Amino acid sequence: MLIENTKEKEKYFELIKQCFLFQYVDEETVNKILSDERLKYAVFEKNNCIYSYKSFEKSLGIILKGKISVNKYKENGEVLINYLKVGNAFGGAAVFSKSERYIAELRAETKCVILFVSDEVLKDMFRISEKTMLNYMTYLSDSLVFLNKRLDIFSAGNAEERIKEYIRINAAPNGEGIYELTIQSYSRLAEYLSIGRASLYRILDDFKAQGLIDKSGKKIYIKGELK
């Protein structure tokens, strides 16, 4: 369902202005871009398919409300790639691609509002503001970094090696110089790594017993050879 009411669209303007596209862009230019009637605001209900492998838009999608899951389908079932939330974007690499197939399936995990910025709007935006083009290039580069991290994790081998690689990649030093990682949800992490939740807990307990990590609630502290 599309949002046609102007006032309803304007409710999201302040959020859109915080999007990566408009970083360091003056407000007058941003307001000019947001006045473009070709911008499309769409509402998706929970569990709606937003993009599929064969059905997608040549647009950059920006999440204004809700949460989206990015999934791939393999012979052995569905693999969660990532969760996207308010302020995140998707579809950037496909906007100017000639491919007729999208790389994954995007599903609304909650009710969502998405701003779609078409390829033609983006081209005009880049002509109006060079900064938006540079911001877009940075976004694409960051997306590649994320995909490379994901590949590193899944090419690591079995469940134990995937968990080790995930911890290595995502842990960062705290104020005391100890590398630590905060797990927002062990259930989601298990899904992300394509392993059972019980297996995740067991492997982390094994790592702790081996002196590789310390674990306290949602905090994991790296020790020994995991560094």
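The numbers here are math on the coordinates, done by the rules we state, and not lab data. Worth saying up front: this structure is predicted, and the values here are computed from it rather than measured. Note that we place each Cβ from the backbone using ideal geometry, even for glycine, and neighbour counts take in every protein chain shown.
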Legend entry - Under 14 Å, Cβ to Cβ, from residue 66 - net charge with Lys/Arg +1 and Asp/Glu -1: +4
Inset, instruction - Counting only GluC sites (Glu not before Pro) that are in a DSSP loop and have at most 10 other C-beta atoms within 10 Å, tell me the longest site-free stretch of the chain. - result: 101-175
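Please compare each pair in 164/219; 7/123; 54/131; 85/218; 11/131 to a cut-off of 23 Å on the Cα-Cα distance and tell me which ones are over it. Mind showing how you got there, number by number?
Details: 164/219 15 Å; 7/123 26 Å; 54/131 32 Å; 85/218 21 Å; 11/131 25 Å.
From 164/219; 7/123; 54/131; 85/218; 11/131, over 23 Å: 7/123; 54/131; 11/131.
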Legend entry - segment 1-76 - Debye-derived log10 I(q)/I(0), Cα point model, q = 0.13, 0.16, 0.27 Å⁻¹: -0.50, -0.72, -1.52
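For residue 71 and residue 184, what is the calculated FRET efficiency with R₀ set at 22 Å and r taken between the beta-carbons, to the nearest 0.05?
Numbers: r = 19 Å, r/R0 = 0.84.
Rounded to the nearest 0.05, the efficiency is 0.75.
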Inset, instruction - Could you compute the FRET efficiency for residue 223 and residue 100, with r as their C-beta to C-beta distance and R0 at 30 Å, rounded to 0.05? - result: 0.05
Inset, instruction - Count charges around residue 94 for me, please; just the other residues with Cβ under 11 Å from its Cβ, Lys/Arg as +1, Asp/Glu as -1. - result: 0
Legend entry - Kyte-Doolittle mean at least 0.5 and Cα axial length at least 15 Å: DSSP H helices in the chain: none
Inset, instruction - Let me know the Kirkwood hydrodynamic radius for segment 92-227, please, with Cα pairs as the basis and the value in Å to one decimal. - result: 18.0
Inset, instruction - Return the distance in nm (one decimal) between the two label points of a simple spin-label model at residue 131 and residue 2, each offset 7 Å from Cα along Cα→Cβ. - result: 3.0
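I want the local charge near residue 136. Using Cβ-Cβ distances under 14 Å, sum +1 for each Lys or Arg and -1 for each Asp or Glu among the other residues.
Working: positive: 123, 127, 131; negative: 119, 124, 130, 142.
In short, -1.
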Inset, instruction - Please build a GNM for the chain, connecting alpha carbons under 10 Å apart, and tell me which residue among 29, 132, 110 fluctuates the most. - result: 29
Inset, instruction - With a ≥ b ≥ c taken as the square roots of the eigenvalues of the C-alpha gyration tensor of segment 33-120, please select rounded if a/c is under 1.5 and otherwise prolate if a/b is larger than b/c or oblate if it is not? - result: oblate
